[in-house]
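S.K.: Pasting in a structure now, in structure tokens, and then I'll have a few things to ask.
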Amino acid sequence: MHLTIIAGARPNFVKIAPIIHAISHHNDQDAAKIDFCLVHTGQHYDEKMSGSFFKDLNIPLPDVNLNVGSHSHAEQTAKIMVAFEKHLMNQPTDCVLVVGDVNSTMACAIVAKKLGVKVVHVEGGLRSRDMRMPEEINRLLTDSITDYFFTTSALADTNLLNEGVTADRVFMVGNTMIDSLVSSLDKAVMPKVEHDIATAEYILLTLHRPSNVDDAHKLETLIETIDRVASGVKVLFPIHPRTASKLTNIERFDNIEFLSPLPYLEFLYLMKNAKAVVTDSGGIQEETTYLKVPCLTLRENTERPETIEIGSNQLIGNDLVALEKSLTAILSGNWKKGEVPPLWDGNASKRIVDHLAQLFN
Ligand code: UD1
């Protein structure tokens with residue numbers, strides 16, 4: 001079979017890497033070979049948001065880069081569609097595999113479906129029920145035209161079945177982001193930062209959701225609060241470019257050390273050894289759950305509720321009082337330990353490749 005794999009934004013690279021490794025392993029087993037073409041849409045393009053991930057995750061450079069870059073949602077989506085349609089018409093495939101919920105995911109799924117190519121969605125079925133999130137729109141549109149779903153949780157399966165998807169198209173396989181985590185944990189690299197992370201505690205902070213960062217005043221209030229309630233514990237904050245573009249005068253935050261976006265293996269080191277993680281990311285809620293590191297999520301809802309129900313995560317929303325209370329509890333050692341959700345065991349990608357081989361051969 002021939003597969004076209006799509007990646008466009010930072011979390012996508014982490015999700016496709018183990019699938020590529022599992023395909024290589026499958027092909028080495030003398031099974032019916034799976035050929036693939038890796039298409040990078042260019043949604044993320046900086047070395048720190050893209051290139052370094054290919055090195056850290058040991059994946060081949062993309063066969064094709066559509067080089068779309070940053071634009072408004074409509075323009076970025078449209079540019080990806082136009083460029084990917086040209087690619088797919090020149091290089092036919094049996095199946096387009098998309099991951100996650102970014103604009104590249106939705107854009108390439110639409111193009112494939114309209115050209116009569118089967119669409120496979122890894123991480124299908126997640127729902128935040130919050131239509132203000134661009135990712136929720138991407139999830140709903142992608143899943144409405146997906147042929148086969150590979151899911152991370154039983155709840156995702158239920159969501160799909162409730163939307164009328166037949167059970168024979170849904171495969172709960174686990175979490176490919178956790179596959180990358182499991183295979184990279186012992187390769188984590190201590191980043192060079194000012195704070196002495198080898199001996200002193202620290203909190204790790206990430207923020208990039210438009211709802212938290214696009215309004216500069218709201219963003220500054222949030223960072224001021226975290227700066228204050230950290231009560232002397234250093235906060236390490238690798239800044240996403242969207243967030244950096246809104247922040248001025250960062251010297252005034254005494255407790256916060258601002259960092260550039262980090263390579264995967266360095267970020268992994270910080271996450272694994274953090275006293276607490278404060279974030280608005282989707283993937284980090286899952287990774288901290290696997291690592292059993294306390295996580296506070298600055299969102300009102302999550303498409304990954306198992307990280308709260310059985311993991312180490314808690315939703316904080318915009319409630320700065322709740323943030324202070326929870327952070328204080330974590331720093332004084334009072335937090336749930338959490339459990340790892342079923343099938344988040346490092347083998348999701350192998351399951352995906354086994355299913356693909358059966359479905360398409
Ligand atoms: C995108 C995804 C989001 C995901 C996030 C991970 C969508 C709708 N959003 O958000 O779901 O969680 O990626 O990071 O697809 N920029 C750079 N260099 C880069 C990439 C971006 O400087 O390599 C800057 C640009 O100014 C750009 C801004 O960051 O306008 C935001 O990038 P964009 O891809 O539009 O969205 P993200 O916020 O990264």
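The values are calculated or read from the model by the stated rules, or taken from the named source; none is laboratory data. Only a predicted model underlies this, so the values are computations on that prediction, with no experimental measurement involved. Quick reminder, even Gly has a Cβ in these numbers, built from the backbone with ideal geometry, and neighbours come from all protein chains shown.
S.K.: How many residues are under 27 Å from VAL233 (Cβ atoms) and either of a type in the set (Asp, Glu) or surrounded by fewer than 17 Cβ atoms within 10 Å (Cβ to Cβ) (or both) if we restrict to segment 170-186?
M.R.: Result for segment 170-186: 2.
S.K.: Would you tally the residues in segment 211-228 being under 18 Å from ARG299 (Cβ atoms) and either out of contact with any Phe, Trp or Tyr (no Cβ under 8 Å at 6 or more places or on another chain) or exposed (fewer than 13 other Cβ atoms within 10 Å of the Cβ) (or both)?
M.R.: Taking segment 211-228 first, the residues under 18 Å from ARG299 (Cβ atoms) are 211-215, 218-219, 221-223, 225-226.
Still in the running and either out of contact with any Phe, Trp or Tyr (no Cβ under 8 Å at 6 or more places or on another chain) or exposed (fewer than 13 other Cβ atoms within 10 Å of the Cβ) (or both): 211-215, 218-219, 221-222, 225-226.
Result for segment 211-228: 11.
S.K.: Exactly one of (1) away from the ligand (no atom under 16 Å from the Cβ); (2) part of a loop (DSSP other than H, G, I, E, B) is unmet by GLU220. Its number?
M.R.: For GLU220, the exception is condition (2).
S.K.: Another one. Restricting attention to segment 66-108, which residues are touching a residue at least 24 places away in the same chain (Cβ under 8 Å), among the acidic types (Asp, Glu) and over 23 Å from MET1 (Cα atoms)?
M.R.: ASP101
S.K.: Only one of (1) under 26 Å from HIS21 (Cβ atoms); (2) surrounded by fewer than 23 Cβ atoms within 10 Å (Cβ to Cβ) is not met by GLU123, so which one is it?
M.R.: (2)
S.K.: Could you identify the single residue in ASN65, ASN103 that is under 22 Å from the mean Cα position of the chain (by Cα), within 12 Å of the ligand (Cβ to nearest atom) and closer than 29 Å to THR206 by Cβ? Before you say what the answer is, go through the steps one by one.
M.R.: Working: ASN65 fails: within 12 Å of the ligand (Cβ to nearest atom).
The unique qualifying residue is ASN103.
S.K.: Hey, does segment 44-61 have a residue that's assigned to a helix (DSSP H, G or I) and more than 21 Å from LEU268 (Cβ to Cβ)?
M.R.: Looking for residues that are assigned to a helix (DSSP H, G or I) and more than 21 Å from LEU268 (Cβ to Cβ), one finds none in segment 44-61, hence no.
S.K.: Among LEU323, LEU296, which is at pLDDT below 95, among the hydrophobic types (A, V, I, L, M, F, W, C), surrounded by 19 or more Cβ atoms within 10 Å (Cβ to Cβ) and on the phi < 0 side of the Ramachandran plot?
M.R.: Going through LEU323, LEU296 in turn, the sole match is LEU323.
S.K.: Could you tell me which of the residues GLU123, GLU136 is at pLDDT 95 or above and on the phi > 0 side of the Ramachandran plot?
M.R.: GLU123
S.K.: Condition test on PHE36, is it aromatic (Phe, Trp, Tyr), buried (at least 24 other Cβ atoms within 10 Å of the Cβ) and under 16 Å from VAL99 (Cα atoms)?
M.R.: Here the answer is no, as PHE36 does not meet what is asked.
S.K.: Counting only residues that are within 11 Å of the ligand (Cβ to nearest atom) and out of contact with any Phe, Trp or Tyr (no Cβ under 9 Å at 6 or more places or on another chain), how many does segment 193-210 have?
M.R.: 3
S.K.: Can you tell me which residues in segment 166-186 are more than 30 Å from ASN255 (Cβ to Cβ) and in contact (Cβ under 8 Å) with a residue 40 or more places away in the chain?
M.R.: Going through segment 166-186, the residues more than 30 Å from ASN255 (Cβ to Cβ) turn out to be 166-176, 178-180, 182-183, 186.
Matches in segment 166-186: VAL170, PHE171, MET172, VAL173, GLY174, ASN175, THR176, ILE178, ASP179, SER180, VAL182, SER183.
S.K.: Sticking with this one: For THR248, state whether it is within 23 Å of the chain's Cα centre (by Cα) and within 26 Å of HIS44 (Cα to Cα).
M.R.: For THR248, the condition - within 23 Å of the chain's Cα centre (by Cα) and within 26 Å of HIS44 (Cα to Cα) - is not met.
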